[in-house]
Amino acid sequence: MTGLDATLAEAAEATDANLLLRLDDLTAGYDGVAVVHGVDLEVRAGEVVALLGANGAGKTTTLLAISGLVPRMGGSIEVLGQAVHERRRRSVADVWRLARSGVAHVPEDRGLFFDLTAAENLRLGRPKGGDAVPEAQLLEWFPALTRVMDRKAGLLSGGEQQMLALARAVVGRPTLLLVDEMSLGLAPIIVEQLLPVLRAIADETGAGILLVEQHVPLVLAIADRAALLRQGRVTFSGTADELAARPDLVEAGYLGA
Ligand code: ATP
């Protein structure tokens, strides 16, 4: 092996050590009907990857397949170097197991317990005996939670609920964070506040973040890479800057042109 080969091999190994999620030719769907086809996707430590596409493109299905909640019909999913087999992760208990293994999934409906206070919801995300993110740090990322900690989650505004869902997901220091439709029902000004927080979480904790988001220019401004899904297939995969420079591709992805 030449010196250059050795350096390249070392670089490849270092890159792979940072690989948190790898989808290889993933096909997944419901009741034997595939809705995502041949999806390749990677997320590395400290990276924010935006998963984009029109309603029904298959973004939620892709995240659910990664969490093992939708059957994988072909291809492979590797999370933190382990293959995900859907049959072993079909229950709520299995989702908690996944969380303990370092993957946190913020679903579209945010998954909060509305009758519990914000503080109690946060407590549920805290790892038992583990190394939780201190509350002061959480409140630095999500300052609006400071004044609502004693309020029931069901009484919070949409923005506060989303902040709480994100705080609960990150309190256990996930290695990989999956966030579905973060801005659903939120005013754009809240989205503008929250996206840089996700960037900061990736930068400061080294977590890899896979983010489904409809505010395309806003998310491309904070993401490292992006994948565009159209009718269940990846029509673009590259850096966020490359996609930001191709509004035609984004438009085609969303308008079906
Ligand atoms: P949205 O932004 O509307 O959530 P999406 O890109 O996340 O869109 P998915 O929710 O993954 O899209 O849906 C992809 C396809 O799978 C759609 O055609 C949808 O109707 C179908 N689908 C979603 N959930 C189910 C389900 N539980 N059973 C059967 N088909 C489903």
Sort out which residues of the range 46-76 are near the ligand (Cβ under 7 Å from one of its atoms), crowded, with 19+ Cβ neighbours inside 10 Å and in a loop (DSSP other than H, G, I, E, B), and write them in order of number. G53, A57, G58
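Would you mind finding the one in G38, G29 that is modelled with pLDDT of 90 or more, part of a strand (DSSP E or B) and within 9 Å of the ligand (Cβ to nearest atom)? Working first, answer last.
Working: G38 fails: within 9 Å of the ligand (Cβ to nearest atom).
Going through G38, G29 in turn, the sole match is G29.
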Out of all the residues in the range 239-254, is one or more within 13 Å of the ligand (Cβ to nearest atom) and either under 15 Å from the mean Cα position of the chain (by Cα) or open to solvent by 20 Å² or more (accessible area, probe 1.4 Å) (or both)? yes
So is R147 in a helix (DSSP H, G or I) and surrounded by 15 or more Cβ atoms within 10 Å (Cβ to Cβ) or not? no
Among the residues listed as R199, R173, the single one being in a helix (DSSP H, G or I), surrounded by fewer than 22 Cβ atoms within 10 Å (Cβ to Cβ) and basic (K, R): R199
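Being more than 22 Å from E108 (Cα to Cα) and modelled with pLDDT of 95 or more, is that true of even one residue in the range 160-176?
Scanning the range 160-176, I find no residue that is more than 22 Å from E108 (Cα to Cα) and modelled with pLDDT of 95 or more, so the answer is no.
The values are calculated or read from the model by the stated rules, or taken from the named source; none is laboratory data. Predicted model, so just to flag it, every value in this text is computed and none were measured. Cβ coordinates were reconstructed from backbone atoms using ideal geometry, including for glycine residues, and neighbour counts include every protein chain displayed. The accessibility values were calculated without ligands, DNA or RNA, using every heavy atom of the protein model including side chains. Shrake-Rupley method; radii C 1.70, N 1.55, O 1.52, S 1.80 Å.
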